[in-house]
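Notes for the one structure printed next.
The values are calculated or read from the model by the stated rules, or taken from the named source; none is laboratory data. Nothing here was measured: the structure is a model prediction, and the numbers come from that model. We place every Cβ from the backbone using ideal geometry, glycine too, and count neighbours over all the protein chains shown.
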Amino acid sequence: MTWWKKLLFLRNRGQFDADLAEEMRLHIEERAAELSRAGLTPTEALRRARAEFGSPTSLRERTRLEWQFSWIEDLRSDLRYGARTLAASPAFFFSAVLSLALGVGANTTLFSLTTEFLFAEPSVNNSRSLWRVRVGGNSHVGIAQLRFLQEAKLFPGVAGMREDGEVNWRINGETRPLQAMRVSDNLFSMAGIPVALGRGILPGDEDTVVISDAMWRSKLAADPTVVGRVLEIDGRPHRIAGVLPPDHRSVAGFGLSADIYAPVRATGSSVMLFVRGPEGADRSAILERLQFGARRMDEAMPERDLKWADENVVEGMAGIDRFKSRSMQGVGGFFAMLMIVGGLLLLIACINVSNLVLARGSARVQEFAVRASLGAGRGRIVRQLLTETLLLTAAGTMAGLVINYFLTRAMNHVQLDLPVLIVLHMAPDWRLAAYASLLAAGTALVVGLLPAIRISRGELHGAMKNPIAGRMTLRRVLVVAQVAVSIVVLTAAVLFARNLLASVAAEPGFDLDRTMFVRVRLVPDSYKSVEAKASMAERIERELESAQGVVSVSATRLIPFNDDSTRGGARRRDDGENIVIRHHSNRIGPRYFATIGVPVVAGREFTANEPENSIIVNESFARNFFGQGSAIGRTVDKQTVVGVVRDSKYAYLNDHMRPAMFEPYRTRLGEGRESALIWMVRTAGDPAALVNGLRARVGELDRSAAVEIRPMRNALGIALMPSQVAGALLGGMGVLGLLLTAVGVYGVLAFSVARRIREIGLRVALGAGPASVMRLVLRECGLLLGIGLGIGLLIAFFVTRPLSTFLVPDISTNDPVTYLAVVLLIAAAGTAASIGPARRALRVDPMVALRYE
Amino acid sequence: MAQSSSELLPGTLFLLILRTLAGGPLHGYAIAKRIKESSKDLLSVEEGSLYPALNRMLVKGWLAAEWGVSETNRKARFYKLTPVGRKELARANSEFDRMIHGIQLVLKNA
């Protein structure tokens, strides 16, 4: 209430002053009347009364103070004055705001990306009592383990989800693959996942699906009556129970998304586990219960090669809790690096604006002198300057947020070429608002403080009188700092650009140009027996082999660079020694290595009737496991090595010398890969030409199957994604940093030329040619860049070292090529920035310049 | 006679004004005069404190002000207690009593 009255007062100050004046007059008159009743003459009485009363002005000030938020009053006048001065120099205003907007826009966008990707809360009810758990160190467990934990009644709720499932959707005579999240029938109700239309999947549901908003809009024409409609999925009618809201975030996190949710299949599936804890129970309490459950699981359903009670993990659903696992720490580190680079970028922008403010400050020396002589204290002038920078940064931050809005919206729609669906829902929220306000305040301080101190000390006056080149003025120091910072950013950018180039050009160790994969997903219910599936697989394989242009075909369980499987642990060597080895593991058919173009260095490939216990290993495996000498005929856990192949890359481009072991793919068709059959195909010519023909031929064999065929050159999704994302983000920031620095160098040079016009005119009058005038400008530019380069390179050399964890092995952080590229880029930007000022200097007419006097 | 209101115990100026106005609305000068008379010239309230105090109390909502006509037939601003002000008077009164009692106990027994 009090503040409300104060606000009203702000509007009625005129009335207040008049009222108080009237009141004071009455007071003095009454006192005078009293005095004159005591015997004084009226004039004398009035004089005495006035004297007793004291200063009306001071009384008015003190009385008014009771009504004021005085700082607001001062701020108001500062703001009004600041806005007026800024409006008077629009060029300054816009260049400053543009610099800040770019810096803030880039910075907040990285912030949005980080918070969304790493910290976004899943769409659930009360995420604090929901936990993701692992037992036996497994990310996914079978349905039997899920049921066991549910029946153990250790938690109010236990649910499971498989995040990377897929299904075939038959519509209008076509089969389309859909990404599916397979959920236990209690997940929706336990987690409290909201739906926009209809309902979620409920306990007891079978052949029911909940569809995503994107699927509803793009594939079902946003039909409002869609609930109850039936989709033919995996050969069976499924009823649509509900539609998810547009901003649905799955409990798997990290933007993992799907077209549909469907109940998990009762057999052969494995799921991530989620538990609903009791209200208020913390992580250790959940872990205790989980461990208890896992020990009982070991008694009830023992496994040969793992103990359920080992490596039990409880992770929170949002926030920092997600970073407990080691693999996430790498991702977290990458985002931390992005944020640091974003901060440096903003710093460059701040220095630009700081420089502009300084330059303008020297032009405003007179104004400040006038204000100071009129009695403005130094504090007041500093405050005025800070208010102006506050206005600038507020405008810059606003504009930056506009950039953020459009950039994040565009990024939400980017569809990465990945086997899983990743959808981000970046949108402005309170976190962004809080972060942006913090940025604005910090920026105002960085931008405004130096110039304010400098200007209020009146040091600019000295600087004006003493414009001798070569002296390091504050502005030059700032530009040097700016060049140094931008070199650090540029070095990171160049490193990641080279990383991307190296990744694209990387030799995977097999033939990318003459190979493709064929992936056929059969509807599980149509192939209940292994025999039925095997005979279909055989028919497809024959169909592929007989096609024109196909050289050879070989089955495989994993697609190179799209799937990965790692096995670790101790293996028994034929001499009885146990050796710990971590290796890539795959099952492959006959002629696999001939098909993908990897040489066999010893022994042979698998044959059509290969014994179960034959294996092929790569050179690294042979060397690490058997040491020197031939590996052929030796054994690993009773499996006999029949061939050794050259090392190649399997899942990632930095699979450098990774051991690998291959087992025959023959009888266990499609095991573990949810009914998907995969072949690698070698072609005589360009594989892209064969894609459509092969798809049609395979599709003929089973119309309900989903067929995916891609040339390997275009299928480097997972392998290239990290380098592409990092290259795009850091490359963009590098360009922005370079641009901002060029603007900063330009500003200082232009200002310096403007200040030295008379000197230049004199030199020209005394016979200096264009070359020596040019040298004047370029020397200053060279000095600024040179010192900045020296410092920047030194810093960059040390601070970019940790980046090596994100780079492919061929790229080293202390490779001189990187620094050479950085130096060339900066030199080019500096030259571009000095063109304008140099031309200005060349055009100086001595007659005009000297007449300034 | 007290030299200035600064010798008033802290917070007592508000109490004096509230008590004075309990008898009915008064304008500023009359409040000062009434306090001086009631205290038999022992206390005097300076203008420099009176008007800021009155305004502080307006802000707090203890008082309301309206323009009227003084006994000398002049336009004057009259202050009167609001219900909130009455409550404050009661509160401040008992608070003050307790304080005085406490001080007396200390002076007697310490």
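When the test is whether a residue is more than 14 Å from chain A (Cβ to nearest Cβ) and more than 28 Å from A:ASP17 (Cα to Cα), B:LYS80 does not pass it.
Has the stretch A:83-104 got any residue that is loosely packed, with under 14 Cβ neighbours inside 10 Å, away from chain B (no Cβ under 14 Å), over 30 Å from A:ALA399 (Cβ atoms) and not hydroxyl-bearing (Ser, Thr, Tyr)? Within the stretch A:83-104, none of the residues are loosely packed, with under 14 Cβ neighbours inside 10 Å, away from chain B (no Cβ under 14 Å), over 30 Å from A:ALA399 (Cβ atoms) and not hydroxyl-bearing (Ser, Thr, Tyr). Annotation: A:ASP637 fulfils all but one of (1) in contact (Cβ under 8 Å) with a residue 60 or more places away in the chain; (2) under 30 Å from A:ALA502 (Cα atoms); (3) loosely packed, with under 15 Cβ neighbours inside 10 Å; the unmet one is (2). Out of the residues in the stretch A:530-576 that are modelled with pLDDT under 90 and hydroxyl-bearing (Ser, Thr, Tyr), state the one that is nearest to A:TRP679 (Cα to Cα). Looking at the filtered set, the residue picked out is A:SER535. Being at pLDDT below 85 and not hydrophobic (A, V, I, L, M, F, W, C), is that true of even one residue in the stretch A:681-692? Yes, some residue in the stretch A:681-692 is at pLDDT below 85 and not hydrophobic (A, V, I, L, M, F, W, C).
Quickly run through the stretch A:56-72 and pick out the residues that are β-branched (Val, Ile, Thr) and within 12 Å of chain B (Cβ to nearest Cβ). So that I can check it myself, show each step before the final result.
Residues of the stretch A:56-72 that are β-branched (Val, Ile, Thr), as a first pass: A:57, A:63, A:72.
Result: A:THR57, A:THR63.
Of the residues making up the stretch B:7-59, those that are more than 12 Å from chain A (Cβ to nearest Cβ) and within 9 Å of the chain's Cα centre (by Cα) are B:THR12, B:LEU13, B:PHE14, B:LEU15, B:LEU16, B:ILE17, B:LEU18, B:ARG19, B:THR20, B:LEU21, B:ILE35. Per the listing A:GLY576, A:GLY589, the residue uniquely small (Gly, Ala, Ser), surrounded by 17 or more Cβ atoms within 10 Å (Cβ to Cβ) and out of contact with any Gly (no Cβ under 6 Å at 6 or more places or on another chain) is A:GLY589.
In the stretch A:521-547, the residue that is surrounded by the fewest Cβ atoms within 10 Å (Cβ to Cβ) out of those that are assigned to a loop (DSSP other than H, G, I, E, B) and touching a residue at least 60 places away in the same chain (Cβ under 8 Å) is A:ALA547.
When the helices (runs of 4 or more DSSP H) confined to the stretch B:11-110 are screened for residues that are polar (S, T, N, Q), those reaching at least 3 such residues are found at B:83-109. Would you be able to tell me the number of residues in the stretch B:60-76 that are closer than 23 Å to B:LYS87 by Cβ and within 8 Å of another protein chain (Cβ to nearest Cβ)? Residues flagged as closer than 23 Å to B:LYS87 by Cβ and within 8 Å of another protein chain (Cβ to nearest Cβ) within the stretch B:60-76 amount to 2.
Residues satisfying the criterion are absent from the stretch A:703-711 (criterion: assigned to a helix (DSSP H, G or I) and either modelled with pLDDT under 85 or in contact with a Leu (Cβ under 6 Å, 6 or more places away or on another chain) (or both)). Of the residues making up the stretch A:29-55, those that are closer than 17 Å to B:GLU71 by Cβ and either surrounded by 16 or more Cβ atoms within 10 Å (Cβ to Cβ) or within 11 Å of chain B (Cβ to nearest Cβ) (or both) are A:GLU29, A:GLU30, A:ARG31, A:ALA32, A:ALA33, A:GLU34, A:SER36. Among the conditions (1) in contact with a His (Cβ under 7 Å, 6 or more places away or on another chain); (2) of a type in the set (Gly, Ala, Ser); (3) loosely packed, with under 15 Cβ neighbours inside 10 Å, the only one that B:GLY24 does not satisfy is (1).
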